[in-house]
Amino acid sequence: MPLDFNQQVERNLLGRELERQNKIKEAILLYEANVQELFEGNFPYDRLLIIYRKLGQKEDRTRVLKTAIYVFENIVNKNRPDRDVKLNKFKNKLLKLNQTK
């Protein structure tokens, strides 16, 4: 089944609104759906990293970072202007996370 980019964007927007309403678990579900579908933008990865950091969930942060790195290395168009910057950002975050106890 082809992925619907507009549906993924709607999930991101609704997730952000749910966060504003302090409905964190519901927001996580929406962002995680986009991560599972390998969304080609940084938004759901960034939001989950913030949420999981606040919740102290290092394993989830590691998983999200690895997925983001995979997406930006293998799926995002290599000619996209922000690709390398975002890829390096995720790689650096994973490196720092792995250096923490």
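Every read-out reported here was derived from the displayed coordinates using simple, explicitly stated rules and does not represent laboratory data. Computed from a prediction, not measured in an experiment: that's the story for all the values here. Don't worry about glycine lacking a Cβ; one is built from the backbone with ideal geometry, like all the others, and counts go over all protein chains shown.
Miscellaneous remarks
- The chain, helix-only ellipticity at 222 nm - DSSP H runs n ≥ 4, -39,500 (n - 2.57), divided by all residues, nearest 500: -24500 deg cm²/dmol
- Backbone phi angles across the range 15-25, fed through the Karplus curve with coefficients 6.51, -1.76 and 1.60 (θ = phi - 60°), yield HN-Hα couplings of x, 5, 5, 5, 4, 4, 8, 6, 9, 5, 4 Hz in residue order; Gly and Pro are listed as x.
- For mean projected area of the Cα convex hull in nm², the value computed from the atomic coordinates appears in the list [x] 7.2; [y] 9.1; [z] 6.6 under label [z].
- Within a straight-line Cα-Cα reach of under 22 Å, K78 can be paired with the following lysines, leaving aside sequence neighbours fewer than 8 residues apart in one chain: K66, K86, K89, K91, K93.
- Other residues with beta-carbon under 14 Å from the beta-carbon of K54 carry, at +1 per Lys or Arg and -1 per Asp or Glu, a net charge of +2.
- FRET efficiency, 1/(1 + (r/R0)^6) with R0 41 Å, evaluated for T100 and E40 via beta carbons: 0.90
- Taking D82, D46, D60 in turn, the Gaussian network model of the chain (Cα-Cα springs below 10 Å) assigns the largest fluctuation to D82.
- Separation in nanometres of the label points that stand 7 Å from Cα toward Cβ, at I50 and R63: 2.1
- 14 Å beta-carbon shell around Q7, net charge (K/R +1, D/E -1): -3
- In the chain, a dipole from Cβ-located charges (positive for Lys and Arg, negative for Asp and Glu) runs towards its positive end, and of N12, T100, L65 it is T100 whose Cα lies farthest in that direction.
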